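These notes concern the structure reproduced below.
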Amino acid sequence: MKGIDHISLLVTAGDGPAECNQAVGHILDRMQEEADMFGLALSIHRTEAKHGPKSAVVVVNGEGRTAFAKSWTGTVQWRMQSQLRKHHKRANWFVGVFLLEQSQAGVANIRQADVNFSTLRAGGPGGQHQNTTDSAVRAVHKPSSLTVVVREARSQHRNKALALERLQSLADAQAVADQEDRKSSQNQMHRALERGSPVRRFVGERFKEDVKDR
């Protein structure tokens, strides 16, 4: 890749219970909605658990990526009575969103021969600027199952090139996240949730944002 044109985030429930996994899923959905609104491209790889993702690596591409990442980085709080444990008294669940270092770029090598491409007709972010031709591309890295969808360019060839770049970025970010997870006993990334100072708060089953403190 020619320089760093993306930001990588780790969204993690840490050692939290299953309700925190549900919160991770809601956060990823909300991130995607906001990315579409601001014309950003997200590539997401989830590590699934029984009741939702335990964690996910998110790679953000686009001119507004820095502001987007800043708005999410920190602790996210979800106030919701548990649907998994009806009589459980706890109703506050916390998820951490961390910036991942870019220094490990190239750790995982994505080869085009290992990628399956398919085309699709899909509108992208941007309202009237949506691409509605068949040039949109879904790329799946067969060994890892990493998947990206790229739809910005009008050319199918260009979208395939972007897809390879984003698969590489996603693989690099996942490698860093795995490395941090292995070192968790030292740096405590997954336990560094500052429960007293969430950057964003959401409430209820519909995951509505509480904006009074923003």
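The values are calculated or read from the model by the stated rules, or taken from the named source; none is laboratory data. Just so it is clear, the model here is predicted, and its values are computed rather than measured. Remember, those area values only see protein heavy atoms, side chains included, never the ligands or the DNA or RNA. Shrake-Rupley method; radii C 1.70, N 1.55, O 1.52, S 1.80 Å.
What to note about this one:
- Solvent-accessible surface of protein heavy atoms, probed at 1.4 angstrom with all chains present, puts K208, K54, K89 in the order K89, K208, K54, largest first.
- Per-residue ³J(HN,Hα) for the range 161-178, Karplus 6.51 cos²θ - 1.76 cosθ + 1.60, θ = phi - 60°, Hz, x for Gly and Pro: 5, 5, 4, 5, 4, 6, 4, 5, 4, 5, 5, 4, 5, 5, 4, 5, 4, 5
- Cross-link check: pairs K160/K208; K54/K86; K70/K208; K54/K142; K89/K208 evaluated at a Cα-Cα cut-off of 24 Å; pairs beyond the cut-off: K160/K208.
- Using θ = phi - 60° and Karplus 6.51 cos²θ - 1.76 cosθ + 1.60, couplings along the range 83-94 (whole Hz; Gly, Pro as x): 8, 8, 10, 4, 9, 6, 6, 6, 9, 10, 10, 10
- Placing M31, M80 in order of accessible area, with the largest value first and a 1.4 Å probe, yields M80, M31.
- Cα gyration tensor category, rounded, prolate or oblate, for the range 1-86 with a/c compared to 1.5: prolate
- Accessible area per residue was computed with a 1.4 Å probe on protein heavy atoms; D181 scores about 80 Å².
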